[in-house]
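Participant: Let me begin by handing over the structure; questions about it come next.
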Amino acid sequence: MRILALTAGAANMYCGSCMRDNALARELIRQGHDITLVPMYTPIRTDDENVSGERVFFGGISIYLQQKFPLFRYLPDWTDKLWDSNWALRLATKNSIEVDPRSLGELTVSTLKGEKGFQRKEIRKLTDWLKTEPRYDVVALPYTLLISLAEPIKRVLGVPIVCTLQGEDLFLESLLEPYRTECLKLIRDQLRHVDRFIAVSEYYGGFMAGFLGIEPGRIAVVPLGIDLTGHEALPKPPSGKLRVGFFARTAPEKGLHILCEAVALMKQPVDLRVAGYLPPENRAYFDELQAKYKFAYQGSPDREGKIRFLQSIDVLSVPSEYHEAKGTFVMEAMANGTPVVEPAHGAFVEIVTTTGGGLLTDPGSRADLASKLDDLARNRDTLATLSRNAVIGVNQHYSVRAEAERVAEVYRTVMDAY
């Protein structure tokens, strides 16, 4: 099967969606498929072998210039090569920057307008390139924020389009009005151009059916999987304190403050450790928490560092305030023999229930989270049982191998029906 998959880069940040897209593409290649992974906006950053192509479409600098300055919408393509180059994009995103919500809303609306938006030249560049490529059998979009590409790609290639649903609601809900409402309308108006949607969890498939008005029968649920290579449940050195870890983007919506407040309520001694990407706009939030709760921060580690971190803690807790679509960090913790304590919402419920590798708490309740952690600190036999369940459950249900096999099956079904 010859597959074209687009993936959205997130500058210098480890992005869960592009890491999922890259891991899936790598596994599909291993299983014998011919897949081209094309980065959008910026080159992608992964913590494993990167199989994406060198050329970036919809370069972040180009689309910004075209949004703000009309002249750049009409310049010949060769003038864009400087700021579309990988070195220019990497230089521009070397240091994380805060994003103005208004500018982000305007740009998202324009992109979703497709060939009627200010970035129409970027669509033409992409379709011109596709005309020079050997024919693909199916095209995969990374999320509905790029749904405006479905119609022009289908017009050029005449192949089915599959779109992944993997957490874009958080971004859409963060947009200011009137951009949020306009974006939702533009997406809903273009759902008909997609032949099949793939949701990364049962929860998210059901949620997006209602959120965007997608008929449930058009959504195939393919649970997210992780590459289990290198993950291992190592014996943990004894400790008088329960080692509680937080591994995620250090942002309010991920609930670091909730975990800190819960730990402060615990009766048992605890060692709180934190790791994950720190966005610049969250620096004040993070500094205030660290000053008050004195936790150890271990930065944003690479793959090996991440595995070491997850192997060094007794339990992981990321009490997100929003409903998680994927929960990759939960699977990764479990793969290293580290059980989790998570709020009973979003994808957490099905992952914990399926694996038996953790506990669920009342969402937002610091007292219930503290109580669950105290129970594990007092009962290390329960902790050991959850650890064994976690490793077995992730290996049985959440491997990237199984995910790739099911995604390929969806692609074949769509191709047969096209």
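The values are calculated or read from the model by the stated rules, or taken from the named source; none is laboratory data. All values reported here derive from a predicted model rather than from experimental measurement. Positions of Cβ are backbone-derived with ideal geometry, glycine not excepted, and every protein chain shown enters the neighbour counts.
Participant: Got at least one residue in segment 42-63 being out of contact with any strand residue (DSSP E or B) (no Cβ under 8 Å at 6 or more places or on another chain) and aromatic (Phe, Trp, Tyr)?
Facilitator: No: segment 42-63 contains no residue that is out of contact with any strand residue (DSSP E or B) (no Cβ under 8 Å at 6 or more places or on another chain) and aromatic (Phe, Trp, Tyr).
Participant: Here's something else I'd like to know. As an exercise: evaluate Ser17 against (1) among the small types (Gly, Ala, Ser); (2) in a loop (DSSP other than H, G, I, E, B); (3) under 13 Å from the mean Cα position of the chain (by Cα) and give the number of the one condition it does not meet.
Facilitator: (2)
Participant: Going by the structure shown, is Arg388 modelled with pLDDT of 95 or more, part of a helix (DSSP H, G or I) and farther than 21 Å from Tyr203 by Cβ?
Facilitator: Yes.
Table: residues versus (1) among the hydrophobic types (A, V, I, L, M, F, W, C); (2) out of contact with any Asp or Glu (no Cβ under 9 Å at 6 or more places or on another chain).
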| residue | (1), (2) |
| --- | --- |
| Glu182 | no, yes |
| Glu202 | no, no |
| Gly205 | no, yes |
| Arg218 | no, no |
| Leu224 | yes, no |
| Arg249 | no, yes |
| Gln268 | no, no |
| Ala275 | yes, yes |
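Participant: Name the helices (runs of 4 or more DSSP H) wholly within segment 134-226 that hold at least 2 residues that are crowded, with 20+ Cβ neighbours inside 10 Å and aromatic (Phe, Trp, Tyr)? First the steps, then the outcome.
Facilitator: On the way: elements: 150-157, 168-174, 179-189, 202-212.
Fully inside segment 134-226 and qualifying: 202-212.
Participant: Another question, then. Exactly one condition in (1) crowded, with 17+ Cβ neighbours inside 10 Å; (2) modelled with pLDDT of 95 or more; (3) not charged (D, E, K, R) is not met by Tyr277; state its number.
Facilitator: Condition not satisfied by Tyr277: (2).
Participant: Moving on to the next point. Consider Lys292 against the criteria (1) exposed (fewer than 15 other Cβ atoms within 10 Å of the Cβ); (2) in a loop (DSSP other than H, G, I, E, B): it satisfies all of them except one. Which criterion is unmet?
Facilitator: (2)
Participant: A further question on this structure: Specify the residue that is farthest from Glu403 (Cα to Cα); the eligible residues are those in segment 319-360 that are assigned to a loop (DSSP other than H, G, I, E, B), of a type outside the set (Gly, Ala, Ser) and out of contact with any Gly (no Cβ under 8 Å at 6 or more places or on another chain).
Facilitator: The initial filter retains those residues of segment 319-360 that are assigned to a loop (DSSP other than H, G, I, E, B), namely 319-327, 336-339, 344-346, 356-357.
From the residues that got through so far, the ones that are of a type outside the set (Gly, Ala, Ser) too are 319, 321-324, 326, 336, 338-339, 345.
Within this subset, residues satisfying the condition of being out of contact with any Gly (no Cβ under 8 Å at 6 or more places or on another chain) are 336, 345.
On the way: Asn336: 19, His345: 22 Å.
Restricting to residues being assigned to a loop (DSSP other than H, G, I, E, B), of a type outside the set (Gly, Ala, Ser) and out of contact with any Gly (no Cβ under 8 Å at 6 or more places or on another chain), the top hit is His345.
Participant: Let me ask another. Mind listing just one residue for me: the one in segment 109-127 that is of a type outside the set (Phe, Trp, Tyr) and outside any helix (DSSP H, G or I) and, of those, surrounded by the most Cβ atoms within 10 Å (Cβ to Cβ)?
Facilitator: Gln119
Participant: What's the number of the only condition in (1) under 21 Å from Phe246 (Cα atoms); (2) out of contact with any Asp or Glu (no Cβ under 6 Å at 6 or more places or on another chain); (3) not polar (S, T, N, Q) that Phe348 fails to meet?
Facilitator: The number of the failed condition is (2).
Participant: List pairs: first in segment 213-235 and at positive phi, second crowded, with 18+ Cβ neighbours inside 10 Å, Cβ under 8 Å, 6+ apart or cross-chain?
Facilitator: Gly230/Arg303; Gly230/Ile307
Participant: If you take the residues of segment 356-386 that are charged (D, E, K, R) and touching a residue at least 40 places away in the same chain (Cβ under 8 Å), which of them is nearest to Ala333 (Cα to Cα)? Lay out the reasoning, then the answer.
Facilitator: Initially, segment 356-386 is screened for residues charged (D, E, K, R), giving 362, 366, 368, 372, 374-375, 378, 380-381.
In the following step, the residues that additionally are touching a residue at least 40 places away in the same chain (Cβ under 8 Å) were identified as 366, 374, 378.
On the way: Arg366: 22, Asp374: 19, Arg378: 21 Å.
Restricting to residues being charged (D, E, K, R) and touching a residue at least 40 places away in the same chain (Cβ under 8 Å), the top hit is Asp374.
Participant: Only one of Ala284, Ala262 is surrounded by fewer than 20 Cβ atoms within 10 Å (Cβ to Cβ) and outside any strand (DSSP E or B). Can you tell me which?
Facilitator: Within the list Ala284, Ala262, the selection yields Ala284.
Participant: Now, a different point. Cβ contacts < 7 Å: first residue more than 19 Å from Leu4 (Cβ to Cβ), restricted to segment 396-409; second residue in a helix (DSSP H, G or I), any location; separation 6+ or different chain. Result?
Facilitator: Going by the 7 Å Cβ cut-off, the qualifying pairs are His397/Thr354; His397/Thr355; Tyr398/Met331; Val400/Ala23; Val400/Leu24; Val400/Glu27; Arg401/Glu27.
Participant: Being within 21 Å of the chain's Cα centre (by Cα), closer than 26 Å to His33 by Cβ and at pLDDT 95 or above: is that true of Leu130 here?
Facilitator: Considered against the rule, which asks whether it is within 21 Å of the chain's Cα centre (by Cα), closer than 26 Å to His33 by Cβ and at pLDDT 95 or above, Leu130 comes out as no.
A quick yes/no check of all residues on (1) modelled with pLDDT of 75 or more; (2) in contact with a Lys or Arg (Cβ under 6 Å, 6 or more places away or on another chain); (3) more than 23 Å from Leu165 (Cα to Cα); (4) loosely packed, with under 15 Cβ neighbours inside 10 Å:
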position: Ala10; (1), (2), (3), (4): no, no, no, no
position: Arg45; (1), (2), (3), (4): yes, no, no, no
position: Glu54; (1), (2), (3), (4): yes, no, yes, yes
position: Ile63; (1), (2), (3), (4): yes, no, yes, no
position: Gln67; (1), (2), (3), (4): yes, no, yes, no
position: Glu98; (1), (2), (3), (4): no, no, yes, yes
position: Leu107; (1), (2), (3), (4): yes, no, no, no
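Participant: Ok, one more. Yes or no: Ala296 at pLDDT below 95 and either over 17 Å from Gly16 (Cα atoms) or among the β-branched types (Val, Ile, Thr) (or both)?
Facilitator: Yes.
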